[in-house]
Ligand SMILES: [Zn+2]
């Protein structure tokens, strides 16, 4: 593990957990207070009916006032407090993105260059990369790719990565009821709503790869990665090598290879990797020692199309 990236992963996990807890507490308190006010108003209305004139008028006036307080309370919760938490979360996403570049630089200067040389000159043990897959829905609400297709693509990626003695360890496939189309992958893409959404929904904080299957990506490309992020977005009809291709981009293989048989060719249809390309992925922040105790594959959320195979992708 790269030291700076490891520290950033820990900080990121702590910050994201705090934001999550604060959001939960705020939502719970907001809903509790609102339901308490509703009950108070209901009781007051009943009491008001029993009171003689003019006390009943006064009582109803007070009940009306309490209802206004409830409207103000709900508005403050929804439009002020929750929005502030949203802004803090978005602010952190961009701070984290900037810090990822800082760590990218520090880790190259201190560690990666000699690890790259070591990898090029010696034979090394198998390394693994944790992967989780999140499948969004198309405009009709149907998942853009089936469970079995996801498994087939992970298996194909593992066939490609075998030449690098690398393996994707699939942790989970989640079906998310969210329609994502025209993902912008240009430089301006980091200021898009999609960038924020992917960073919010990703499974790992730097120590694994999240693969999002989406309805469409803008332009002719069928895959998108924004270095040094830890997620990629793919169209359902993307090429077999596209997971590895985008993983390569996130592993500092920024350019494309001329050979159409190479995974890093612009088409994404290739299956070959050079020794240097293998080493770049092996020394990336995603790579780690393989988990000897494989976890069962989880399929979560939206109705999963086709069957889920148990723990197959993580077995030796
Ligand atoms: Zn590319």
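Extension gain, residue 75-residue 110: 0.36 nm per intervening residue step, less the Cα-Cα distance, totals 7.5 nm. Using C-alpha pairs below 8 Å separated by at least 6 residues, the relative contact order for segment 156-276 is 20 percent. If a spin label sat at a point 7 angstrom from the Cα of residue 47 along the line to its beta carbon, the backbone N atoms of segment 55-82 nearer than 17 Å would be those of 55-70.
The average projected area of the chain, computed from the convex hull of its Cα atoms over all directions, is 20.1 nm².
Just to be sure I understand the curve: with the Debye formula and one point per C-alpha of segment 162-243, what is log10 I(q)/I(0) at q = 0.14, 0.18, 0.23, 0.27 Å⁻¹? Debye intensities relative to I(0), on a log10 scale: -0.47, -0.79, -1.26, -1.60. GNM on the chain, alpha-carbon springs under 10 angstrom: the most fluctuating residue among 118, 209, 273 is 118.
Sorting 130-143, 17-30, 181-194 by their mean Cβ neighbour count within 10 Å, with the most densely packed peptide first, gives 130-143, 181-194, 17-30. Taken over segment 71-133, the ratio of Cα radius of gyration to 2.2 N^0.38 Å equals 2.02. Distance from the alpha carbon centroid of segment 206-240 to that of segment 79-132 works out to 17 angstrom.
Once the chain from residue 271 to residue 196 is taken as fully extended at 0.36 nm per residue, the excess over their C-alpha distance is 23.9 nm. FRET efficiency for the residue 87 to residue 290 pair, using the beta carbon distance and R₀ = 45 Å, is estimated at 0.65. Sorting 212-222, 62-72, 254-264 by average packing, meaning the other beta carbons within 10 Å per residue, from highest down gives 212-222, 254-264, 62-72.
Semi-axes of the equivalent ellipsoid for segment 126-314, computed as √(5λ) from the eigenvalues of its C-alpha gyration tensor and ordered from largest down, come to 23, 21, 15 Å.
In the chain, helical runs assigned H by DSSP with n ≥ 4 each contribute -39500 (n - 2.57); averaged across all residues and rounded to the nearest 500, the mean residue ellipticity at 222 nm is -15500 deg cm²/dmol. Taking the inverse of the mean 1/r over every pair of distinct Cα atoms in segment 3-110 gives a Kirkwood hydrodynamic radius of 17.5 Å.
All of the numbers you see were taken from the coordinates with simple rules; none came from a lab. Keep in mind that this is a model prediction, so the values were computed, not measured. Positions of Cβ are generated from backbone atoms using ideal geometry, with glycine treated the same way; all protein chains shown enter the neighbour counts.
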